[in-house]
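Beneath this line is the structure, given in structure tokens, with notes to follow.
Just so it is clear, none of the values below were taken in a lab; they were calculated from the coordinates. If you're wondering where the values come from, they're calculated on a predicted model, not measured in any experiment. Quick reminder, even Gly has a Cβ in these numbers, built from the backbone with ideal geometry, and neighbours come from all protein chains shown.
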Amino acid sequence: MAVREVAALDVGVDTSAVTPVRRQRRLGGLFVASVIWIALVGLGAIFAGLLPIPSPTEMDMLGKRALPSAEHWLGNDVLGRDVFSRLIYGGRISLTVGLLAPVIGVTVGGALGMLAGYFRGRFETIVTGGVDVLLAFPPLVFALAVTAYLGQSILNITLVIGILGIPAFTRVARAVTLSLSEREFVTAARALGATHSRILLRELLPNVALPLVAFFLLGVAVTIVVEGALSFLGLGVPPPAPSWGSMIGEGRESLDIAPWLAFLPAIFMFLTVLAFNVIGDTLRALTDPRPGAL
Amino acid sequence: MNASPPETLLAVADLKVHFPITKGIVVKRQVGTVKAVDGISFSVGRGETLGLVGESGCGKSTTGLAILRMLDITSGKVEFEGEDISAYDRGRMRPIRARMQMVYQDPYGSLNPRMKVADIVGEPLVVHGLATDKDKYRARVAELLKMVGLLPDMAERYPHEFSGGQRQRIGIARALALEPTLLICDEPVSALDVSIQAQVVNLFMELQERLGLTYIFIAHDLSVVRHISDRIAVMYLGRIVEIATRDQLYKDPLHPYTQALLAAVPIADPEIEAGRTQQIITGEIPSALRPPPGCRFHTRCPKAMDVCKTVDPPMRERDDGRAVACHLHS
Ligand SMILES: Nc1ncnc2c1ncn2[C@@H]1O[C@H](COP(=O)(O)OP(=O)(O)O)[C@@H](O)[C@H]1O
Ligand SMILES: [Mg+2]
């Protein structure tokens, strides 16, 4: 940094140690591989319709459980449907539900948690009470009830998993907000006469956002597993739409003769969940880069 | 008090701030009261610096926050520029916030880690709707940074890139943005290295001279406030036990607690150093939840008499303008 003249006032200009003390952060190969995997699955899901692959629902009665070929890269399933195509389209459902459900959790839970942690008092008591009630409710019963009354659809599955995720996000947001609210920068903003909404949005939100985003990615991973489990149980996306969970369920019937029918979607799901976990963990480590940051 | 300049900027009368201690989650039940500030009175003249000194936990921060009306006042009066603000709500305090500001103790916690220095220093202007002209706004932020001895091109950096002393300067710049008349400095140098402390105290003094500021300068020992204070109030367990001009207090401390605090300070002047009696107080500071009966200091006082255990000594103003709450001087 160039030495500058500060003529105004001789107050012992303190320019020492202005060089940023950014720590060199190495993003491991695992992180890069995870990002690449998510990008591939994501691009496949978005552009599935444009890819030169067979339809995921078209049944080839003569090619049941066909082995991989030039036409069917990963073979066919029990009903003669192209496995590779179904994996790509299955990713579309896993990612849609996996990303949208935590969006419900992070917005509703994040807002409730921040308001509870900031305003405290009766509102906080009600929110934490509500969270406990929601946590005590058996999730499978809730999922069954909703799908039974409202029908099985991507929207309903997303809503169910999304609502079930609200308590976790509420807790994280409240805990982070509580500890931040005791910091003097919040007192300073209040002493300036800042409004509640300004303190919540400008002072607290930027600090709550990063831990929440890290938690969001872990939520995506959990949601993909939950969606898979629901589909495996037949409570998920209705057939014939492909989902990794339902593919595992369908492949279960021919585990002895064609085990790959269950293993391939299982591997896709495993890798995707792992990738989201790795990214989430890396982000969490990155958002806490210095002592006293959060 | 004849030592204060004629015009009174701030007058605090019998201020009490009590915190209820509650138990229970749904049904709250009060199990006690922390009498953090328990009946203090003082006034600060315009352009003056009042040092507020006492051990950690004696209620200094609470006093500062109560004056700023960041805490609910249990009873008593706070009069600022002739206006009784002790019952003002959030909305009525807003315009007053521009005229009284605070500098905080923790250089790490008092700056938002996700905000750039420019946004931190400029925030008061934005909050009070003074940031409408972008160029003027930027010029003002640069001016404020210069005023506290920082370079204007530091504005685009984040707080974690700065040292503790620089962070306190940023906090000072933020406090000055609205041109306040009263600055409450809550142990602004306690967290800094001794070598940096003097620099920051000097900055405060130069800013006072230049801007005509009035300070309440809080510290937990008598060494820091010596150079900056005109008068000093010594606090113990929610009370002011002695208030005097700086010279009176350092030359001839009346209250045994003041004497003890002073004994803990190394004094450069050999004349005073030789003449003073060594009285290092021992023992824990009693809990503000259950302050001792009588004089609150009697449990640790080397000169405690029988009367001290039962009768709470009132604050007595003396002929020389100083005031002390001690049975030895009544
Ligand atoms: N919000 C609060 N609730 C309960 N007790 C408090 C609160 N704030 C401060 N106290 C108590 O009030 C007393 C004085 O605190 P404080 O004013 O911070 O002391 P100081 O700044 O002199 O170190 C302490 O005993 C502290 O524990
Ligand atoms: Mg304090």
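Each of the GluC sites (Glu not before Pro) that DSSP puts in a loop and that has at most 14 other Cβ atoms within 10 Å breaks chain A; the longest unbroken stretch is A:183-294.
The lysine pair tally for the protein assembly as shown, using Cα distances under 17 Å and a gap of 8 or more places or different chains, is 9. Exposed loop sites are taken as chymotrypsin sites (Phe, Trp or Tyr not before Pro) in a DSSP loop (any state but H, G, I, E or B) with at most 14 other beta carbon atoms within 10 Å; the longest stretch of chain A without one runs A:74-294. Rg and Dmax over the alpha-carbon atoms of the stretch B:62-171 stand at 15.9, 46 Å.
By the Cβ distance rule (another cysteine Cβ under 4.7 Å), the unpaired cysteines of the protein assembly as shown are B:CYS58, B:CYS185, B:CYS301, B:CYS326. Within 10 Å of the Cβ of each residue in A:177-184, the mean number of Cβ atoms contributed by other protein chains is 3. Each 20 Å bin from zero up to the one holding the largest Cα-Cα distance in chain B carries the following percent of pairs: 30, 56, 14, 0.
Dividing the convex hull volume of the alpha-carbon atoms in the stretch B:115-181 by its residue count gives 77 Å³ per residue.
Counting only other chain Cβ atoms within 10 Å of each residue's Cβ, the peptide B:160-170 averages 4. Between B:ARG99 and A:PHE119, what FRET efficiency follows from the Cβ-Cβ distance if R0 is 25 Å, with the result rounded to 0.05? Calculated transfer efficiency: 0.35. Inter-chain neighbour count for B:92-105: the average number of beta-carbon atoms from partner chains within 10 Å of each residue's beta-carbon is 2. Taking the square roots of 5 times each eigenvalue of the Cα gyration tensor of the stretch A:73-293, largest first, gives ellipsoid semi-axes of 40, 19, 12 Å. The HN-Hα couplings worked out from phi for the stretch B:233-238 by the Karplus form 6.51 cos²θ - 1.76 cosθ + 1.60 (θ = phi - 60°) are 10, 9, 10, 9, 6, x Hz, whole numbers, x standing for Gly and Pro.
The phi torsions of the stretch A:161-171, fed into the Karplus equation with coefficients 6.51, -1.76 and 1.60 and a -60° offset, translate into couplings of 5, x, 5, 5, x, 4, x, 4, 5, 4, 4 Hz, rounded to whole numbers, with Gly and Pro shown as x. A DSSP coil position with no more than 10 other Cβ atoms inside 10 Å describes none of the GluC sites (Glu not before Pro) in the stretch B:40-137.
Using just its DSSP H runs of length 4 or more, each adding -39500 (n - 2.57), the protein assembly as shown gives a mean residue ellipticity at 222 nm of -14000 deg cm²/dmol after division by all residues. Of all segments of chain A bounded by trypsin sites (Lys or Arg not before Pro) found in a DSSP loop with no more than 14 other C-beta atoms within 10 Å, the longest spans A:121-294. Evaluated on the stretch B:107-258, the Kirkwood hydrodynamic radius is 16.7 Å, with distances taken between all distinct Cα atoms. Calculated on the alpha-carbon coordinates, the convex hull of the protein assembly as shown measures out at 210 cubic angstrom per residue.
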